[in-house]
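Take a look at the structure set out below.
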Amino acid sequence: MLLIYLHKMNRLFNIFRLSVVCLSVVTLVSCLDNDDNRQSVTFNNMAVTVSGNELEGYRLYTDFDAVLVPSNLSQISWLKEVRRAVVSFDTSDESLTNVSDLESGHTYDIVLSEAAEIPTYISCVDTLSEDYQIFGQDSIALKNKAVQSVNQTEGQYYIQNGYMNVVPTFYFDPYSAVSFLLYYDGNRDIDTTGKKATFNLYFDNNAPNAWNTTSSLISLRMPDEVYSRFIQTGLTDDDTIDVCLNVRTQTGTVTLEYKTALEDFMLP
């Protein structure tokens, strides 16, 4: 069945170590020695999208569109295999002392000091699609669970560099994979005339009696097919649309809203 396939795909990419997830931000778990023995790094806990390959090299795109080029990626080579991460780093440019000094569109040479993977999910299901109608057997409705809550603070829900980012609080079993994905009704939820797209968050902790709880930043890949539907109406990458996310929580459904440019649907 389609959802079983999606679950297996999520399982491959997202059997993340929940024991290293802290409230609202992923704990940094891979530390590197700095040659200059500094007590702290200049920039901490910055979310990035990883892009590149062995031939052309790797770049880290921050969520405010600065580009980071690490000189010591060989010391933390697993970072090449992930899509999203939180990093801490230093730079030899002494004029850069805080985040506001990093400018959108500019490239900076950095030395990584710590990094951790952000749990990232790539599946998005149109419940009206032929595949889901034939093979899905209404599995989203049958298996979807409520999270405890979702962070509604400004800046905790946003879309950038091809990913939707949100911070749910949920129960988990450390021995079971946690699954998240986006789903939507291709007719009702995508309003190209009104420039609005509505998605729903699917959650399954694959454990009937999970009692551990955590809050974690997660990233969900934005669907190319939804981007294409808006572009086909004559909109451009610079045009903005409203993107809503319905999150089923233990106290009811919470709707998060964010206005984003269509280009933010795309990977860097």
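All of the numbers you see were taken from the coordinates with simple rules; none came from a lab. Owing to the predicted nature of the structure, the values given are computational and were not obtained by experimental measurement. Don't worry about glycine lacking a Cβ; one is built from the backbone with ideal geometry, like all the others, and counts go over all protein chains shown.
I'd like to compare 95-104, 198-207, 128-137, 65-74: which one has the highest average count of other Cβ atoms within 10 Å, and what's the full order after that? Write down the numbers at each step before the final one.
Values: 95-104: 11.8, 198-207: 20.3, 128-137: 13.9, 65-74: 16.3.
Taking the mean over residues of other Cβ atoms within 10 Å, the ranking is 198-207, 65-74, 128-137, 95-104.
At 0.36 nm per residue, minus the direct Cα-Cα distance, what do T213 and E94 gain on full extension? Give it in nm, one decimal, please.
Details: separation 119, 0.36 × 119 = 42.84 nm, distance 4.09 nm.
38.7 nm is the gain from fully extending T213 to E94.
Positive end of the charge dipole of segment 30-117 (Lys, Arg +1 and Asp, Glu -1 on Cβ, about the Cα centre): tell me which of L96, V86, H106 has its Cα farthest that way.
The Cα lying farthest towards the positive end belongs to V86.
With just the Cα atoms defining each centre, how far is segment 107-125 from segment 37-97? Give it in Å.
So the separation of the two Cα centres works out to 8 Å.
Once phi is turned into θ = phi - 60°, what whole-Hz ³J(HN,Hα) does the Karplus curve with 6.51, -1.76 and 1.60 give for every residue of segment 96-103, x standing for Gly and Pro?
Going residue by residue, I get 9, 10, 8, 4, 5, 6, 7, 9 Hz, with x marking Gly and Pro.
Quick check: net charge around Y158, other residues with Cβ under 12 Å of its Cβ, Lys/Arg +1 and Asp/Glu -1? Don't jump to the answer; show the numbers that get you there.
Values: positive: K259; negative: D63, E154, E257, D264.
Once positives and negatives cancel, what remains is -3.
Between the DSSP loop rule and a limit of at most 14 other Cβ atoms within 10 Å, which trypsin sites (Lys or Arg not before Pro) in segment 125-202 are left? Each step should come with its number before you reach the end.
On the way: sites: K143, K145, R188, K195, K196; in loops: K145, R188, K195.
Loop-located and lightly packed - R188.
Check the straight Cα-Cα distances from K80 and name the lysines below 30 Å, setting aside those fewer than 8 residues away within the same chain.
Within the straight-line limit of under 30 Å, K80 reaches these lysines: K8.
For segment 30-117, compute the orientation-averaged projected area of the C-alpha convex hull (one quarter of its surface), in nm². Write out the running numbers ahead of the final one.
Details: hull surface 21.4 nm².
About 5.3 nm², averaged over all directions.
Give, in nm to one decimal, the length gained when the segment between S228 and D131 is fully stretched (0.36 nm per residue of separation minus the Cα-Cα distance).
Working: separation 97, 0.36 × 97 = 34.92 nm, distance 1.93 nm.
Stretched fully, the S228-D131 segment lengthens by 33.0 nm.
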